[in-house]
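Chemist: Can you keep this structure in mind? I'll have questions shortly.
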Amino acid sequence: MYSNTITTSIPEFIEDNLATLSTFSDREWEEKPAPDKWSRKEILGHLIDSAMTNIRRLIVTQNQQNEKITYQQNEWVHFSDYQHMDIQDLMTLWKLINFHYHRISKTIPTESLSYTTDTDNETVSLKTLSFLIDDYWGHQQHHLGQIYIVTP
């Protein structure tokens, strides 16, 4: 779905983006482009939720292939209430969970990268761990790009 076009190391990618994220004001973080659209805080929260879901996929799939591990993004963002979370805490959580995801993805044995998990809410959609790892970083880039261009 997404392609990983990160040209630096993952730790540099995380730190560079954290520096850019730190430039937004509290008001900019909380503004919504439309009442039914996510704010920058909520988009960053979605990326945290994605990390949590994908960490679970990476770990479970090494032990139990084809397990259905899905994610209802709107519900997770709503119930996590990222809109009212302190932005410094939110950015710290994003940074730490991404370092954790990266660490876990690097410990997966090569032979396990072809193991599959079911990621679809409605039908069967098997994805390999190798695909998920690459897709994850593309997903991060996609939504970070949304954060950088959100306008109220």
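Chemist: Looking only at residues in the range 110-132 that are part of a loop (DSSP other than H, G, I, E, B) and acidic (Asp, Glu), which one is least open to solvent (accessible area, probe 1.4 Å)? Before the answer, list the steps.
Modeler: First pass over the range 110-132, keeping only residues part of a loop (DSSP other than H, G, I, E, B): 115, 119-125.
From what's left, acidic (Asp, Glu): 120, 122.
Values: ASP120: 48, GLU122: 163 Å².
Step by step, filter the range 110-132, then rank; the result is ASP120.
Chemist: Do we find a residue being in a loop (DSSP other than H, G, I, E, B) and either open to solvent by less than 50 Å² (accessible area, probe 1.4 Å) or in contact with a strand residue (DSSP E or B) (Cβ under 8 Å, 6 or more places away or on another chain) (or both) anywhere in the range 134-146?
Modeler: Checking the range 134-146: not a single residue is in a loop (DSSP other than H, G, I, E, B) and either open to solvent by less than 50 Å² (accessible area, probe 1.4 Å) or in contact with a strand residue (DSSP E or B) (Cβ under 8 Å, 6 or more places away or on another chain) (or both).
Chemist: Same structure again: In the range 24-47, is there at least one residue being β-branched (Val, Ile, Thr) and open to solvent by 40 Å² or more (accessible area, probe 1.4 Å)? Before the answer, list the steps.
Modeler: So in the range 24-47, the residues β-branched (Val, Ile, Thr) come out as 43.
If we keep only those that are open to solvent by 40 Å² or more (accessible area, probe 1.4 Å) as well, we get none.
Within the range 24-47, none of the residues are β-branched (Val, Ile, Thr) and open to solvent by 40 Å² or more (accessible area, probe 1.4 Å).
Chemist: Also, quick follow-up: Which condition number does THR123 fail, the rest of (1) farther than 15 Å from PHE13 by Cβ; (2) among the β-branched types (Val, Ile, Thr); (3) at pLDDT 95 or above being met?
Modeler: Of (1) farther than 15 Å from PHE13 by Cβ; (2) among the β-branched types (Val, Ile, Thr); (3) at pLDDT 95 or above, only one is false for THR123: (3).
Chemist: Could you name every one of the helices (runs of 4 or more DSSP H) located completely within the range 1-109 that has at least 2 residues being closer than 22 Å to ILE149 by Cα and of a type in the set (Gly, Ala, Ser)?
Modeler: Here the list reads 40-63.
Chemist: One residue is enough: does the range 8-16 have a residue meeting the conditions modelled with pLDDT under 95, within 22 Å of GLY138 (Cα to Cα), among the hydroxyl-bearing types (Ser, Thr, Tyr) and surrounded by fewer than 16 Cβ atoms within 10 Å (Cβ to Cβ)?
Modeler: yes
The values are calculated or read from the model by the stated rules, or taken from the named source; none is laboratory data. Predicted model, so just to flag it, every value in this text is computed and none were measured. Please note: Cβ atoms are built from the backbone with ideal geometry, for glycine as well, and neighbour counts cover all protein chains shown. What goes into the accessible areas is simple: the full protein's heavy atoms, side chains included, and nothing from ligands, DNA or RNA. Shrake-Rupley method; radii C 1.70, N 1.55, O 1.52, S 1.80 Å.
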